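Q: Shown below is the structure under consideration.
The values are calculated or read from the model by the stated rules, or taken from the named source; none is laboratory data. Note that the structure is a prediction, hence the values are computed from the model and not measured. Positions of Cβ are backbone-derived with ideal geometry, glycine not excepted, and every protein chain shown enters the neighbour counts.
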Protein chains: 2
Amino acid sequence: MPISNAELAVIDAYWRAANYLTVGQIYLQDNPLLREPLRPEHVKPRLLGHWGTSPGLNLVYAHLNRIIRQRDRNLIFLAGPGHGGPAVVANVYLEGTYSEVYPGITQDAAGMRALFRQFSTPGGVPSHVGPQTPGSIHEGGELGYVLTHAFGAVFDQPGLVAVAVVGDGEAETGPLEGSWKGISFLNPQRDGAVLPVLHLNGYKIAGPTVLGRMSDESIARLLEGHGYEPRFVVGSDPAKVHAALARALDESFDAIERIQRRAHVDEKPRWPVIVLRTPKGWTGPHEVDGVPIEGTFRAHQVPLSGVRTNPEHLAMLEHWMKSYRPEELFDDKGRLVAQLSALAPKGHLRMGANPHANGGYPAVPLEMPDFTSYALTATPPGTEVLESTRQLGQMLRDIYAKNPTSFRLFCPDETNSNRLGAVFEGGGARCLVERTTAEDDHVSPNGRVMEVLSEHNCEGWLEGYVLTGRHGLFATYEAFALIVASMTTQHAKWLEASADLAWRKPVPSLNILLTSTCWRNDHNGFSHQGPGFMDTIVSKKGTVARVYLPPDANCLLSVADHCFRSQNYVNLVIIDKQPQLQWLDMTSAREHCARGASVWAWAGNTGDSGPDIVLACAGDIPTLETMAAAWWLRKNVPELRVRVVNVVDLMSLASPDEHPHGASNERFVELFTEDTDVVFAFHGYPGAVHQLLHGRPNAQRFHVRGYREEGTTTTPFDMVVLNRMSRFHLVLEALRRTRRRPPHADRLENACHAQLETHRAYVREHFEDMPEIRDWTWTAS
Amino acid sequence: MPISNAELAVIDAYWRAANYLTVGQIYLQDNPLLREPLRPEHVKPRLLGHWGTSPGLNLVYAHLNRIIRQRDRNLIFLAGPGHGGPAVVANVYLEGTYSEVYPGITQDAAGMRALFRQFSTPGGVPSHVGPQTPGSIHEGGELGYVLTHAFGAVFDQPGLVAVAVVGDGEAETGPLEGSWKGISFLNPQRDGAVLPVLHLNGYKIAGPTVLGRMSDESIARLLEGHGYEPRFVVGSDPAKVHAALARALDESFDAIERIQRRAHVDEKPRWPVIVLRTPKGWTGPHEVDGVPIEGTFRAHQVPLSGVRTNPEHLAMLEHWMKSYRPEELFDDKGRLVAQLSALAPKGHLRMGANPHANGGYPAVPLEMPDFTSYALTATPPGTEVLESTRQLGQMLRDIYAKNPTSFRLFCPDETNSNRLGAVFEGGGARCLVERTTAEDDHVSPNGRVMEVLSEHNCEGWLEGYVLTGRHGLFATYEAFALIVASMTTQHAKWLEASADLAWRKPVPSLNILLTSTCWRNDHNGFSHQGPGFMDTIVSKKGTVARVYLPPDANCLLSVADHCFRSQNYVNLVIIDKQPQLQWLDMTSAREHCARGASVWAWAGNTGDSGPDIVLACAGDIPTLETMAAAWWLRKNVPELRVRVVNVVDLMSLASPDEHPHGASNERFVELFTEDTDVVFAFHGYPGAVHQLLHGRPNAQRFHVRGYREEGTTTTPFDMVVLNRMSRFHLVLEALRRTRRRPPHADRLENACHAQLETHRAYVREHFEDMPEIRDWTWTAS
């Protein structure tokens, strides 16, 4: 049954109200209802905001209100063009959510005045959609991620529909174009739905957009190629667009319900998508000073400038705002008239109040298995060679089993390669809603292991998943994590800003595991050798950023347990997947991880006395080389008192003023002494440690060896030699730095040089000899 | 005229030869021609490499050889699936290029043996396509960029065709999906052509690919939607595939020639694309130990393992290699037989020897205008407020004019916003090969300003442009540069590795301008405030990485002139676009930039004596705050001897052992003294400076203020207050740190606190007062 004209009139009025409030936020500091003639002093001294996209956002939001009420659907709204911050704020204000969350902004004239004044004002509300906006899980700054967030939000939420508005600017980005494929991973039986609204208004900031200039036919082909069924809503006459959009939405939700009712996932459904072509800055000034505005790039931000000083512009602003007929929309007290407020859904069905979007409350608690049950059994340190991440894989398998609808692993097709394949035991599978074949290995529409060769999708899906209260892990090659450095930065910023918002519920942490690290990509070569992602996390706020470098399986398990239980953090865990020596039994590992950094007394020889030199390490390979260096020193120059310190929580090095995990100066001195030289073997670029150590007692005594941007296809041991972090380099550095040069130091130095020369000769001569790959990788001595 | 069976037979033999050499590289260390029975000791001790994609690469390469010869075309080959390194090496060896570049690898049995042994061997050749591979401009590690590189290579190269093989793994990434739109920016009148070959073999590492599982119909729609005309070549019978591919290539090149012959660019041409569906690991072992290999994910890397110890596998390897009939392909001496070598083009038309791909030789020299002609005229420091990037815009305008076919600006739609709009003067325009409208501002198919809302495309196009010997600049918002941190890292790695290759010609530097910086995104808010991209560059090798922070227009011009003239660097230049105080006349600016860092004597008051405190700064806003702090100190505590140091070349802080720009310790002490405390105001995260200072005399005396991840929509001055880098914070820190506390210090401290309190009250109270935006931004005092 088509929607009636009366219903459309209400939607139109609601839309006008939202447009009015949007313009008011951009322009007015007083006289919010325009009940008196507009004067210059009513206008803000600084005009900020993005008008261009706002009427489109307001249009979609108003129409969705009807859908929610009529169909009793559970919807969340993601504004890809998040620059239209005032539009979304206008809507959550109209529906009443905003005043509940921010009681100072009441639903009356005084509240409206405050609403206008706070927007984009120093100390007020930011100009973009962000965590401050109720009902949002999507920041409107960096473009490209709205669909990945939408898909992440609806995985394992069968009742939820995420409506994602994609601007034609955003649609031009790579990450957005790569995210249409979410439907190949969306199972209508157990997941919710995403309804993308591709909003084409033709321009980005100053230039036209590619999609904005493409024909409807080309766009239809593109979206059909991606597997969607597009519906076009095109026009600039509000009445016609209202009718068309209402119809398109009804058809789209009919389609979604049809798809979700189907008994089997035999093939990928053709999910609906709406293409909405309306003018940029629609209903705004058509022409200013003889120059066209509406429908052009000039409507992007503030269409009328100089309003305080230009009487003509002031009159145009008044005319523009009055064109929405505010007297019909708001009563004398400034309240939305009852007929309109009836359009908005009630309670938690209001999109601004939807619990999924405000921390996922009620948050789904994660049932955790006992991580100690995956422990490797105690053997003397450095005697067993095992793949640490395999133990984590078993833990993940059991987390999946205990949390069948609230935990997922995201990975660019490397789950097996990363030794996490245990997640495929007991019915686990890769998710794919496409044709499968007999030769496929654990691939099914019912799988929950999310493998897509797109770091952007992995990261974005997980972000959407945790922001709606569920739990997960993104596991990826270390070097290629940098592909999503910017996304992770934005997520960290979201968490940093959320920390000040008591009404936003805490969300599970974003957990990232970096495997296939720079030190063990000797087979893949230089492009695969890059530890730089860590640096991105280190610079974020201590309230949010965590970096762990477990040296072995038991430490990894302990760290993982902690990360999965935590909230509101970005947890970065770095450990390689290759077989590696194991060091700590589970009891020691727990204690070590709880402390963040400890002396490994058994690896040194200082007994109770102070050291002549400290060997410190952070990361699995640095730990291996340090253990071996300590062994060489103990064996060859036993008179030298060597202390070994392992750092598993990198931020324990930071000053406690900068990071809550930062060790107190007392504890720091306990570990590293006050003034003994420290030879520090580090997983990443040495600069990361140097910056953390600034301000620590005598920081210049720390001699950090780490990745120096040297590498190629070679052997694992050659990687540590090329980067001057091998055991022999560490021994030589230790002998150079100690103030108490032991007897026989010369002999040991010569032996180290000889070992390095033997190694280099081996590499040089491989053409002639082609010997077995000789490597020290698996021994600590 | 269809290609004859005889011709196809030659192509097939050539393909077999390349496949044979590919397998040989992965497996053999001896007996390269299999002229004696294969024994375990002929097999390498470590088997590395990616077989799965290689037969497809070999197939396309062989067929392109025919196209080049028959049509006398100038082609370069970009292997998106660059893991297939041995395939590309096999081809450049077959055509003779490899032996010219690496004379040790001769075209005979001994050379073939060496070719096999060096592959993926320590000290040998890396396993991926990279700078070591002649004819390549595309590293095969990080996936997603092959089309951006291809488009960048053919801009302004009308005679060139870049054939870009896109693997179906890579096709799943966001950056790749976002790069099909290159044809909307490709002008057939003045640019070359890109022929994408979408090679679908169905799998990535372990799982199926989305495109691999989509129907031909869906893929056709997708590519047609993007604006292409697809041709499908599908099969597993070599003879049929050869015939179909030859036909598809002929038709595609006919189409390219037709498009390029057209007199006008009236609408976007439908460029050809080839979709090639062949089995993964085609022609390799069909089944091993009862498990299917060919056509499955198991063919991804090394299909036969344990060959040295498993006689059955050894026999299968021999059978596999002999299935290519090497005795027909190579003569007794191991040379490719004449009939086959005749297929390869000659000289520079060989794709491995194509000068475009080996440094763009003959490199196009850049004609530079005199940068001093854009200088702002000398006024006393800190008296004029101007937009510095506007001066750069004028310089860019004239570089365009002097280099009409070898310079381009790439920017995500922010050219005007970044005040570089002068490039639109005199006929300059944004490039767009789509419908344009009367309201468009400087948009034309003939434009050479490349605006696309995709940092990936901007960066990738510029990479392709400079790697083929041309010049350009990528200008972008600072925060969103991080989107391409990983791409830039890979480009830096390319340059780092190229430095060892004398045969590869130097290429123009990759120049990146970051504007709209964190300190002046007070209007856009927290998501737009992120200086982290710099950290990515700082960690790269000193041979390649350069970071400049010009404090004003004249310094910017001097730095830009230097960057545009340079080769083989990644030059990062950071300066905001907003109006800012100007400091140096052009003579001083040149000297200052040449030195990298200098004392600004006029800003301090030390005369010839040593300072009590050093105020240092790097970046435009830090310079402003430091100048103001120095002014406050000079005025209020004139007894305090203040020295001001400005750093324009960030790497001058680094140790000269780490970076060639690093100041000698002598020079460093001249600037910063040996032990006076330094209050350092810095553009980015403070950690970047701390890490560079490690090892400098008494590094702990440097107190760095910078971006602390604080921000929102606020005023410019509030940004420096929130991050504790304001002039008042600097003054307070200086008074706290100096060992000679001046008279009246208390009074000044109180004044600073009062100023900060006034500011904070202003921000707190804006709801009530809504005063004019009050800010110290434009004054140094």
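Q: Residues B:R708, B:R701, B:R727: which one is facing chain A (nearest Cβ under 9 Å) and not hydroxyl-bearing (S, T, Y)?
A: Sole residue among the options that is facing chain A (nearest Cβ under 9 Å) and not hydroxyl-bearing (S, T, Y): B:R708.
Q: Among (1) more than 14 Å from chain B (Cβ to nearest Cβ); (2) part of a loop (DSSP other than H, G, I, E, B); (3) surrounded by 17 or more Cβ atoms within 10 Å (Cβ to Cβ), which single condition is A:P656 missing?
A: (3)
Q: Right, here's the next one. Are any of the residues in the stretch A:506-526 part of a helix (DSSP H, G or I) and surrounded by fewer than 24 Cβ atoms within 10 Å (Cβ to Cβ)?
A: Yes, that holds for at least one residue.
Q: Moving to a separate point now. What is the residue count in the stretch B:448-474 for residues that are within 26 Å of B:K505 (Cβ to Cβ) and outside any helix (DSSP H, G or I)?
A: First, the residues of the stretch B:448-474 that are within 26 Å of B:K505 (Cβ to Cβ): B:448, B:450, B:457-474.
Of the ones still in play, those that are also outside any helix (DSSP H, G or I) are B:448, B:450, B:468-474.
Residues in the stretch B:448-474 being within 26 Å of B:K505 (Cβ to Cβ) and outside any helix (DSSP H, G or I): 9 in total.
Q: So, in the stretch A:249-305, exactly how many residues are at positive phi and exposed (fewer than 14 other Cβ atoms within 10 Å of the Cβ)?
A: 2
Q: A follow-up question, please. For B:A502, only one of the following conditions fails: (1) touching a residue at least 24 places away in the same chain (Cβ under 8 Å); (2) more than 26 Å from B:A594 (Cβ to Cβ). What is its number?
A: All conditions are met except number (1).
Q: Would you please name the residue that is farthest from A:R634 (Cα to Cα), looking only at residues in the stretch A:571-612 that are buried (at least 22 other Cβ atoms within 10 Å of the Cβ) and of a type in the set (D, E)?
A: A:D576
Q: Follow-up. When residues of the stretch B:239-248 are filtered for being buried (at least 16 other Cβ atoms within 10 Å of the Cβ) and in contact (Cβ under 8 Å) with a residue 24 or more places away in the chain, how many remain?
A: Number satisfying all stated conditions: 6.
Q: Going by the conditions given, is B:H319 at pLDDT below 95 and out of contact with any strand residue (DSSP E or B) (no Cβ under 7 Å at 6 or more places or on another chain)?
A: No, not satisfied.
Q: Just to verify a result, which residue in the stretch A:396-447, among those that are within 14 Å of chain B (Cβ to nearest Cβ), of a type in the set (V, I, T) and not in a loop (DSSP other than H, G, I, E, B), is surrounded by the fewest Cβ atoms within 10 Å (Cβ to Cβ)?
A: A:V443
Q: Being facing another protein chain (nearest Cβ under 7 Å) and part of a loop (DSSP other than H, G, I, E, B) is the filter; apply it to the stretch A:527-548 and report the residue that is surrounded by the most Cβ atoms within 10 Å (Cβ to Cβ).
A: A:G530
Q: With the condition kept exactly as written, say whether any residue in the stretch A:353-364 is at pLDDT 95 or above, touching a His at 6+ places or on another chain (Cβ under 7 Å), crowded, with 20+ Cβ neighbours inside 10 Å and farther than 30 Å from A:Q580 by Cα.
A: Within the stretch A:353-364 (the criterion being at pLDDT 95 or above, touching a His at 6+ places or on another chain (Cβ under 7 Å), crowded, with 20+ Cβ neighbours inside 10 Å and farther than 30 Å from A:Q580 by Cα), the answer is yes, since at least one residue qualifies.
Residues are listed down the side, and each one gets a yes or a no for (1) of a type outside the set (G, A, S); (2) under 30 Å from A:L211 (Cα atoms); (3) within 14 Å of chain B (Cβ to nearest Cβ):
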residue	(1), (2), (3)
A:G290	no, yes, yes
A:I293	yes, yes, yes
A:T296	yes, yes, yes
A:V307	yes, no, no
A:L329	yes, no, no
A:E367	yes, no, no
A:A378	no, no, no
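Q: Another question, if that's okay. Given the conditions (1) closer than 21 Å to A:S252 by Cβ; (2) polar (S, T, N, Q); (3) more than 28 Å from the chain's Cα centre (by Cα), and given that A:N91 satisfies all but one, which numbered condition is not satisfied?
A: (3)
Q: So which residues in the stretch A:231-259 are part of a helix (DSSP H, G or I) and among the β-branched types (V, I, T), if there are any at all?
A: Residues satisfying the conditions are A:V241, A:I256, A:I259.
Q: Are any residues in the stretch B:730-753 more than 14 Å from chain A (Cβ to nearest Cβ), surrounded by 20 or more Cβ atoms within 10 Å (Cβ to Cβ), in contact with a strand residue (DSSP E or B) (Cβ under 9 Å, 6 or more places away or on another chain) and not aliphatic (A, V, I, L, M), and if so, which ones?
A: B:T738, the sole residue that qualifies.
Q: Could you list, in sequence order, all residues of the stretch A:126-162 that are over 14 Å from the mean Cα position of the chain (by Cα), within 10 Å of chain B (Cβ to nearest Cβ) and of a type in the set (S, T, Y)?
A: A:S127
Q: Name the residue that is surrounded by the fewest Cβ atoms within 10 Å (Cβ to Cβ), counting only residues in the stretch A:677-707 that are in contact with an Asp or Glu (Cβ under 9 Å, 6 or more places away or on another chain) and charged (D, E, K, R).
A: A:R701
Q: Within the stretch A:381-393, is there a residue that is farther than 30 Å from A:Y98 by Cβ, within 14 Å of another protein chain (Cβ to nearest Cβ), part of a loop (DSSP other than H, G, I, E, B) and not β-branched (V, I, T)?
A: So far as the stretch A:381-393 goes, no, none of its residues is farther than 30 Å from A:Y98 by Cβ, within 14 Å of another protein chain (Cβ to nearest Cβ), part of a loop (DSSP other than H, G, I, E, B) and not β-branched (V, I, T).
Results for (1) assigned by TED's automatic domain parsing to the domain that holds B:H50; (2) in a helix (DSSP H, G or I); (3) basic (K, R), shown as yes or no for each residue.
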{"residue": "B:E294", "(1), (2), (3)": "yes, no, no"}
{"residue": "B:R298", "(1), (2), (3)": "yes, yes, yes"}
{"residue": "B:G306", "(1), (2), (3)": "yes, no, no"}
{"residue": "B:A315", "(1), (2), (3)": "yes, yes, no"}
{"residue": "B:E318", "(1), (2), (3)": "yes, yes, no"}
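Q: Among the residues of the stretch B:552-572, is any part of a loop (DSSP other than H, G, I, E, B), over 20 Å from the mean Cα position of the chain (by Cα), in contact (Cβ under 8 Å) with a residue 40 or more places away in the chain and not assigned by TED's automatic domain parsing to the domain that holds B:G662?
A: Checking the stretch B:552-572: at least one residue is part of a loop (DSSP other than H, G, I, E, B), over 20 Å from the mean Cα position of the chain (by Cα), in contact (Cβ under 8 Å) with a residue 40 or more places away in the chain and not assigned by TED's automatic domain parsing to the domain that holds B:G662.
Q: Moving on to the next point. List the helices (runs of 4 or more DSSP H) inside the stretch B:665-757, counting only whole elements, that have at least 2 residues being under 24 Å from B:Y548 (Cα atoms) and at pLDDT below 95.
A: B:716-722
Q: Could you please give the count of residues in the stretch A:260-292 that are assigned to a strand (DSSP E or B), touching a residue at least 12 places away in the same chain (Cβ under 8 Å) and closer than 22 Å to A:Q25 by Cα? Full working, then the answer.
A: Applying the first criterion (assigned to a strand (DSSP E or B)) to the stretch A:260-292 yields A:271-277, A:287-288, A:291-292.
Okay, now just the ones that are also touching a residue at least 12 places away in the same chain (Cβ under 8 Å), so A:271-277, A:288.
With the extra rule that they be closer than 22 Å to A:Q25 by Cα, the set shrinks to A:288.
Looking only at that region, the number is 1.
Q: Taking the options B:G123, B:G182, name whichever one is free of Cβ contacts under 8 Å to residues at least 12 places away in the same chain and within 12 Å of chain A (Cβ to nearest Cβ).
A: Going through B:G123, B:G182 in turn, the sole match is B:G123.
Q: Let me ask another. From the set of residues in the stretch A:531-567 that are among the charged types (D, E, K, R) and out of contact with any His (no Cβ under 9 Å at 6 or more places or on another chain), which is nearest to A:Q582 (Cα to Cα)?
A: First, pick out the residues of the stretch A:531-567 that are among the charged types (D, E, K, R): A:535, A:540-541, A:546, A:552, A:561, A:565.
After this cut, where a residue has to be out of contact with any His (no Cβ under 9 Å at 6 or more places or on another chain) as well, the list is A:535, A:540, A:552, A:561, A:565.
Numbers: A:D535: 27, A:K540: 31, A:D552: 5, A:D561: 19, A:R565: 25 Å.
Within the stretch A:531-567, the match that is nearest to A:Q582 (Cα to Cα) is A:D552.
Q: Read through the list (1) over 23 Å from the mean Cα position of the chain (by Cα); (2) among the aromatic types (F, W, Y); (3) more than 30 Å from A:P37 (Cβ to Cβ), then give the number of the only condition that A:F330 fails.
A: Status for A:F330: all satisfied but (3).
Q: Continuing with the same structure: Do any helices (runs of 4 or more DSSP H) lying entirely in the stretch B:64-154 carry at least 2 residues that are modelled with pLDDT under 95 and either in the same structural domain as B:V484 (by TED's automatic domain parsing) or β-branched (V, I, T) (or both), and which ones are they?
A: none
Q: Report every pair of residues separated by at least 6 positions or lying on different chains whose Cβ atoms are under 6 Å apart, first residue within the stretch A:470-492 and farther than 24 Å from B:G530 by Cβ, second among the charged types (D, E, K, R).
A: Listed pairs, sorted by first residue: A:G472/A:R408.
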